[in-house]
1. First compute the accessible area of chain B with a 1.4 Å probe, then give the percent of it belonging to carbon and sulfur atoms.
2. Describe numerically, in nm with one decimal, the distance between label points set 7 Å from Cα along Cα→Cβ at B:LYS319 and at B:ASP405.
3. Based on Cα coordinates alone, diagonalise the gyration tensor for the stretch A:7-286, multiply each eigenvalue by 5, take square roots, and list the semi-axes in whole Å, largest first.
4. Place the label 7 angstrom along Cα→C-beta at B:ALA163 and in each other copy, then list the distances from the first to the rest in nm, shortest first.
5. Please work out which residue of chain A brings its Cβ closest to the axis of the rotation superposing A onto B, and round that distance to whole Å.
6. Please tell me which of these pairs span more than 26 angstrom C-alpha to C-alpha: A:LYS195/B:LYS296; A:LYS188/B:LYS176; B:LYS135/B:LYS176?
7. Treat every Asp and Glu Cβ in chain B as -1 and every Lys and Arg Cβ as +1, leave all other atoms uncharged, and give the resulting dipole magnitude about the Cα centre to the nearest 20 debye.
8. Sequence neighbours fewer than 8 away in the same chain don't count; with that in mind, list the aspartates and glutamates whose C-alpha is under 13 Å from B:LYS72.
2 protein chains.
Amino acid sequence: MSESPVIFNNLVLRDGHQSLAATRMSTEQMLPACEKLDNMGFGSLETWGGATIDAGLRFLNEFPFDRLDALKKACPKTPHMMLLRGQNIVQYAHFPNDVVEAFIHTSAKHGMDIFRIFDALNDPRNMKCAIDATKAAGKQAHGVICYTTSPVHSVESFIELGAELEEMGADAIVVKDMAGLIPPMIAKAIISGLKARVKIPVWLHTHETAGLGSSTYLAAVDAGVDAIDVSITPFANGTGQPDMLRMLATLDGHPRKPEFDLDVLDELRTHFTQVYEELGDFTSHRNEIVDSDTLKYQVPGGMLSNFRNQLKEQNMEDKFEEVFSEIPVVREALGWIPLVTPTSQIVGVQAMLNVKFGRWKNFSPQAMDIALGYYGTTPAPVDPEVQKLAAKQAGKEPITCRPADLKEPMMDQLRAELREKGMPDDDEHCVIHAMFPSQLEDYFNSDRKGKNLIKKPAESKAEPLVAKGSKRELALTIDGVPHQVTVEEL
Amino acid sequence: MSESPVIFNNLVLRDGHQSLAATRMSTEQMLPACEKLDNMGFGSLETWGGATIDAGLRFLNEFPFDRLDALKKACPKTPHMMLLRGQNIVQYAHFPNDVVEAFIHTSAKHGMDIFRIFDALNDPRNMKCAIDATKAAGKQAHGVICYTTSPVHSVESFIELGAELEEMGADAIVVKDMAGLIPPMIAKAIISGLKARVKIPVWLHTHETAGLGSSTYLAAVDAGVDAIDVSITPFANGTGQPDMLRMLATLDGHPRKPEFDLDVLDELRTHFTQVYEELGDFTSHRNEIVDSDTLKYQVPGGMLSNFRNQLKEQNMEDKFEEVFSEIPVVREALGWIPLVTPTSQIVGVQAMLNVKFGRWKNFSPQAMDIALGYYGTTPAPVDPEVQKLAAKQAGKEPITCRPADLKEPMMDQLRAELREKGMPDDDEHCVIHAMFPSQLEDYFNSDRKGKNLIKKPAESKAEPLVAKGSKRELALTIDGVPHQVTVEEL
């Protein structure tokens, strides 16, 4: 077993604020921390990908490659890492190979070093093009195993998938526990099994949502994991990654504990505390505490809160338990797919439709596509009856090929479309246009390009709530929790 | 190593609300949960002791033995446990043996089964009388090791203390990690060391304050710990004990995982969520999340917040770091005492006085007493220069005997005082009168006896903040965290 210090990857610039502040941290808010982050000695900095590309363009008026350029310049020493949804790139649907290749080639050119590539169904065919393109660009391709529980998933099945990804050329295997539900003993079994089976490094990614994260990391470190993902408070713990100071304390006395400069870490914590306060409109108390409902229902934390909101919109709040117990029914019928973007949303909506209209009376278009193979091969076969119903409703036949094989190359058309709109037609604009056409156009036509929208203070026209110079004591209930609050006009 | 399921003690009725809701849970709020708690299969229920006796009398108008009677009647099957501060009983100063004996004898008569006995200095002489009295009453005496870090504390020194407590007749050894600062590896070393050394059971108590609790429990379970302390959300995690649902998930796949009825646990969670909302005036967001400052400063979470408040009252907020770095200086001079009630408060105040007036220019009376041996033997010798200064200021000489040996028996006098005041003079009233004379008198003379004070809604004379029927959206910063809040008059 490895006795070398475990590597820490730092995710504060991507997953940290995606999990805890609705992906709203701007490049401007990141830059003051960059030199310190770059000098700390992290294995990598996750700086891009996931929801940051969409959110940056949509809410912060940032062109995605500008952020990457700025962060690469500010953190030149540490490898940069991004999360990529395989053939979905950073969207929810499949793209043809030429767009995937152009995206990866362009990102590599702008400085991306490590592409962490996953598929929501764990179908390696959906990861292959991205892995190949990454290697062709001379960068590191990490193959991801999405952890889930079901009758067809087992420690052995995850190890098999790891071996398959290694054979496909992955430079490392990452076990991705997006829901934070791997118990320590299972993590130990998976990590030691992978370490015995593959020659490439094995990394573990988890979240503290259910309160298992740090003990699971400790078990993984015992089992020889090469690297783990941490963040920095307050963009850590809860629905985010375990905080690195806490993780260092957890490893106290452990032969694999790494060394970090705690004074610099303290400065970083002060900076990110300030940023967290600036992003107060997008943070939530519920995300900061251990969510026991996640443990009860065994689904990702984000899925639960979406679910509650959707049921509310549908006036179906009283059906929560009923809809909830429909989830395993839907998962089983759809071949026990993992619950991760975008499948968590798809399964949740379908469970709701089944309860509202009767089981399989009404398919969402996405659930139909999963049932018919348009997302890839499901972990177990789709229920043949459900597939038949889906085919009838969809008016199309099931497929067994790799879904993107049905997609025609798009790059030429994308370029033509951009030219027609009078926009730059370079690869950077083409790949963003492919995924986020209206957001890119809005951004391009906006006079606020590069200006951070959320930092503009709104002009308040309201009457003062409390007379200037006096205070008011109130009992307020926030997120269901009563608080004693003092209000004063500033 | 033991392969039998690890025992769970449940602390929701004592430490759970002491840590997370200022000890304000009333007997009335506990009773609906009792039958379920009693049937779950816990090793014990902590129902009494610590701050609950003081707080119940002071804030809830409950006579302490009435609560014990009610809870014992409602939970007849599971052993009841209480936390006892050795010769301090549940107060902050030493009492003569006859009061300690009467308290334990009376509590045993009212149904207390397990007395968990600690001393803030880890001086076994301060625990001996309580251990002997417990055994004489035919009940279980658990000897406590207060965990702390210092140059004179080591895994070996804790194991030595455990052996000494066993020799004194303790029925079990409890490692008490009041600050939640034992890292898993150290817990493993202490627990396995104790298991190898003593024949009696070894229990572990910790808090989730610093985010180490559940991984430390897991390591202790691996090392053969016999029982661990858990609670139930929302009176769990944060400054409280790890939540039991979370702890069960952490033990998934572990050969020592115990079995519990999760449906009943869910009902209990629903009940305590309701109680937590009722106690909203006494809960705090800060207590619910992992406190990284605890990790930075390595002191109990409660000490940090007291500290901040005291510095504020003294207009010394800008001196936080300076006062803080004085703490190890004070601890070293006072023989490296652990930081736990009451020593955490005493050390904090003395550090503040040292910064304000110059080092050792001004002793608090309690710090003087520690320096002169009036709290017992300190882990290391007190600095002779500091002791000399303390003796001069106090006008009294250092002692080396057990402090309570200097105390005259008090029970006859207490009884006479009660008779004089026209109050009942039974042992129950005597021991409470010994510790909380004015609170007992207030309670006795109040017409609100047995009525829960905090549940009385205060009459509001204020103008409406928002016009009846309308709502107001506000951004409020609470405990430094910005929130979006909707206010409406109800």
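1. 50 percent
2. In this crude label model, B:LYS319 to B:ASP405 measures out at 3.8 nm.
3. Largest first, the stretch A:7-286 gives 26, 24, 17 Å.
4. Computed spacing set for this position: 5.0 nm.
5. A:SER215, 2
6. Pairs exceeding the cut-off: A:LYS195/B:LYS296; A:LYS188/B:LYS176.
7. In debye, rounded to 20, chain B gives about 480.
8. Correct list for B:LYS72: B:GLU35, B:ASP38, B:GLU46, B:ASP113.
The values are calculated or read from the model by the stated rules, or taken from the named source; none is laboratory data. Everything numeric here is computed off the predicted structure, so don't read it as measured data. Here the Cβ is made from the backbone with ideal geometry for all residues, glycine too, and neighbour counts use every protein chain on show. Calculation scope for accessible area: heavy atoms of the full protein, side chains included, ligands and nucleic acids excluded. Shrake-Rupley method; radii C 1.70, N 1.55, O 1.52, S 1.80 Å.
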